[in-house]
1. If only one of B:ARG39, B:ARG97, B:ARG65 is free of Cβ contacts under 8 Å to residues at least 60 places away in the same chain and at the interface with chain A (Cβ under 9 Å from one of its Cβ atoms), which one is it?
2. Looking only at region B:1-27, which residues are out of contact with any Phe, Trp or Tyr (no Cβ under 9 Å at 6 or more places or on another chain), at the interface with chain A (Cβ under 10 Å from one of its Cβ atoms), in contact (Cβ under 8 Å) with a residue 40 or more places away in the chain and surrounded by fewer than 21 Cβ atoms within 10 Å (Cβ to Cβ)?
3. Just one of the numbered conditions (1) more than 23 Å from A:ASP57 (Cα to Cα); (2) surrounded by fewer than 17 Cβ atoms within 10 Å (Cβ to Cβ) is not true of A:TYR118; which one?
4. Given the residues B:ASP489, B:ASP442, which is the only one that is buried (at least 16 other Cβ atoms within 10 Å of the Cβ), assigned to a helix (DSSP H, G or I) and either in contact (Cβ under 8 Å) with a residue 40 or more places away in the chain or under 21 Å from the mean Cα position of the chain (by Cα) (or both)?
5. Consider B:ALA215 carefully, then state whether it is more than 24 Å from the chain's Cα centre (by Cα) and not charged (D, E, K, R).
6. Just to check your reading of the model, which residue among A:TYR172, A:TYR205 is crowded, with 16+ Cβ neighbours inside 10 Å, closer than 19 Å to A:PHE418 by Cα, modelled with pLDDT of 95 or more and of a type in the set (Ser, Thr, Tyr)?
7. Check every one of the helices (runs of 4 or more DSSP H) wholly within region B:317-426 and list those with 3 or more residues that are surrounded by fewer than 20 Cβ atoms within 10 Å (Cβ to Cβ).
Protein chains: 2
Amino acid sequence: MTVSQAKEYYLQTREKENAFGLCWFLSSLDTETGVMPPRAIDFRSRQLSALSDMQYDMTTSDTYREAVATLAAAADTLDPALAHEIVCKQEAIENLRRVPKEEYLAFTDLQSRAYPAYVEAKQKSDFSLFLPYLDKIFRYCRKYAGWVGRDGREGYDVYLHMFEPGYTAADYDRFFALIKEKIVPLVQKVAKTQKPLPEFAKKTYPVEGQKRFAAYLQKVMCFDPERTAMLESEHPFTANNGSHDVRITNHYYEDNLFSFIFSAIHEMGHGLYELQVAPELEGTGCGGGASLALHESQSRLMENMIGRSPAFWETHFPALQAVFPEQLAGVTAAEFTACINRAECSLIRTEADELTYPLHVLIRYEIEKEVMAGQLEAADIPAAWNAKYKAYLGVDVPSDREGCLQDMHWAGGDVGYFPTYALGSAYAAQIYHAMSRDLDIDAALREGSVKKVADWLCEHLHKYGASKYPKELILLATGEPFDPHYYVDYLLRKYGGEAHA
Amino acid sequence: MTVSQAKEYYLQTREKENAFGLCWFLSSLDTETGVMPPRAIDFRSRQLSALSDMQYDMTTSDTYREAVATLAAAADTLDPALAHEIVCKQEAIENLRRVPKEEYLAFTDLQSRAYPAYVEAKQKSDFSLFLPYLDKIFRYCRKYAGWVGRDGREGYDVYLHMFEPGYTAADYDRFFALIKEKIVPLVQKVAKTQKPLPEFAKKTYPVEGQKRFAAYLQKVMCFDPERTAMLESEHPFTANNGSHDVRITNHYYEDNLFSFIFSAIHEMGHGLYELQVAPELEGTGCGGGASLALHESQSRLMENMIGRSPAFWETHFPALQAVFPEQLAGVTAAEFTACINRAECSLIRTEADELTYPLHVLIRYEIEKEVMAGQLEAADIPAAWNAKYKAYLGVDVPSDREGCLQDMHWAGGDVGYFPTYALGSAYAAQIYHAMSRDLDIDAALREGSVKKVADWLCEHLHKYGASKYPKELILLATGEPFDPHYYVDYLLRKYGGEAHA
């Protein structure tokens, strides 16, 4: 196979992969936004199995492997983005070829069945409904790590590298050790001095008004309506199909004004990353965000550093007050900002404040590490979960719904995903620090939208898409390698009045 | 290839076709319910092209043709449903192999681009925005008929047979000649004696109430919520993925109480057909309704013969009145029933009454026949359309939005589809006549739901799915071959006080 033949074959196959990608995108949106009727699941699973089957055959075919190997050998003659894509693709092909096809297909089927079982278990707060699925999922994950592990990477590291290339448990251990050393004591101190929730936070905020404010936020966040959609789901998420179709979901609670605001800003942070990838990368292996933690850095930066800043609410609180004049009568922007920056030990990760957030992730990280080491089984999860919440956050978990059933990640087999959330927050602090050298961020926000912030992020990070590894991108965006002290300093300064951890 | 190898290959390929089917189902739902962001279309089209490409290769492969030919030769050893499926599949493969691949792919791309152009043209009532697409579509249709036509079937007949197997322009000419002879004069007579619209029909009916009544209708129509979804779109339709995932869409207009009621009942009529196909046929080539006209017979039977009957509204008008107590104060079920059975010459096919409906179809049939004969070009459509509306319905078409841009069918290349609507109404009258021999339909409706009607339809028609040709199914369901006089008699009796055309 010549390089030119290899390239033609590769590009054709990539178009087919994009077509399969469309089906997964739409099917998961359909399921997770609750549009699919409940009894549709059996036939749907059968269809997704056939889809996986085709994709497996395509990705593991000898011709495809040969094409990719031919291009990898000629990497120096290729466009740098394509060369990077080929290296990643070669690793992915090798991974997939190591998974026995029947196991791969059975796992796809399991995933599509596990999700509705998880939803039902969560609704009924009955872990036993999910346990048989979770047990199979964890067993598969251990087997998967055994098949795919190589070059000294094994067990949990296989998954950590899959979700954040280049990171191992040793890296995360160092990161979480710093969190444990500096943040756990701070949380315990802050929790004791916590002021009570102000009255306006306990009021009822009709969903219709929340939706109007979500539309307002869409403008503030420069979330182009020609290329985006705002939907609803149980658990908010962002999904995209290329860089011209980026959808976020929200969940509106009448008794919680803050939930939708910060989940919308969070998801739009993810969405902006996808929208701002250089258009010529769309449909290539370098289209889209570079890694989960980098993605999370963008959502967390928008949610916490931008979306909870005094400058942001000095500018936008009047609009919120106009939507809810009765509920927010007499409340000042400063009172509102103080309220949204409260830190409190709580049960739900996605509702957690910035300070306690990494402890929620730490708990999941420690559990996953034990699961992957075979020291913990699915059946042990509720007890382990509840014990760690007591130890690190000092809270009693009253039900599995508010405990180990709160997140859907494990239902999809996504072990190793959670740690990227905390790493992303740490990236965000470092990126924010770099941005503040170039830009008076508060002044930019007072102009009414996040445009200048979004432009800076586009220029320094977003436009590169996934054309480089995360560690290279952090260096490009901030001028330094990743350094978790920016994050710990930021939290200490904001919540403890200290700095320089 | 042995029969057993052929069968294995065939069944595996069918699973793959089902997987592709899922992608088309979800993508078209996403587009037509307006969820997809506008600028997503380019990448989406590229993905759908790649999908078509894969399907084309799969369907036209020599191995697949050989497998199907092997099974066709051994048809008498197969289960009868599979044997029927193989005959149909062999014809479909032969059709596709006659279409040059580059033309096929270019047309798929054209379809996905034509739809948004059509929507924009309709919104702006500007035919010129759609004209370049429609012109290409019509040219393709003529070429397609040339490639695929064989065994004496050519031009328009190729499309008529594709949408209603076994029917030719000669059949439809006879059918529409009867319509022209009996119904056109009746329409002109009825139009002159039309009573004015009652006051309650001109009131405003808030969408929220309409949605509540739609949920009530879902129960009445036995439209199982575990296997269905009710969505919204510009133009109502039914789409299904197997027999456990049947979705209908609605469009709610505050100034029109009737629109959503009868489109919901209509679409649920389609939906019930899909829901009641024997479950073992799901995922086979015999799952789903047998033909477009049979499908339309089920929606029209429910919409007109059931949903506009006095017995139906004696039972359900109180519920409608409870939703809109103010607007419907003092209105009786009989007044309501009289109003929903008014006949009036109008512009919009989907809003047309039962009596004038076939004339809307007649107009489209005559236009399509001329288009396929090369006697009419896309640019001529508005003038031809308007002239025929004047001639048959006596109405002036004020804009293309209310004229030739009202239906989306041609945007998808679906020439030959419209005539099945009128044929379906005619089937419905014959099926209703057969049902009334077995069942006191009015008494059944007074029990509160359409269950007994649905059960009869399941037993006599739905359960067979697409395992037989339409003409066989009509014979099975009614004991007679298709006879359009049942339809004409029904209309004459209902609207003209006459019978026995």
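1. On the way: B:ARG97 fails: at the interface with chain A (Cβ under 9 Å from one of its Cβ atoms); B:ARG65 fails: at the interface with chain A (Cβ under 9 Å from one of its Cβ atoms).
So the residue among B:ARG39, B:ARG97, B:ARG65 that is free of Cβ contacts under 8 Å to residues at least 60 places away in the same chain and at the interface with chain A (Cβ under 9 Å from one of its Cβ atoms) is B:ARG39.
2. Passing the criteria: B:ARG14, B:GLU15, B:LYS16, B:GLU17, B:GLY21.
3. It is condition (2) that A:TYR118 fails.
4. Numbers: B:ASP442 fails: buried (at least 16 other Cβ atoms within 10 Å of the Cβ).
On inspection, the qualifying residue turns out to be B:ASP489.
5. Working: more than 24 Å from the chain's Cα centre (by Cα): no; not charged (D, E, K, R): yes.
In short, no.
6. Numbers: A:TYR205 fails: closer than 19 Å to A:PHE418 by Cα.
Within the list A:TYR172, A:TYR205, the selection yields A:TYR172.
7. Details: elements: B:333-340, B:357-372, B:381-388.
Counting at least 3 such residues, we get B:333-340, B:381-388.
A quick yes/no check of all residues on (1) within 14 Å of chain A (Cβ to nearest Cβ); (2) touching a residue at least 24 places away in the same chain (Cβ under 8 Å):
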| position | (1), (2) |
| --- | --- |
| B:ALA50 | yes, no |
| B:ASP53 | yes, yes |
| B:GLU102 | no, no |
| B:ALA114 | no, yes |
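The values are calculated or read from the model by the stated rules, or taken from the named source; none is laboratory data. The shown structure was predicted, so the numbers you read here are calculated from the model rather than taken from an experiment. When we count neighbours, we look across all protein chains shown, and the Cβ atoms used for this are built from the backbone with ideal geometry, even at glycine.
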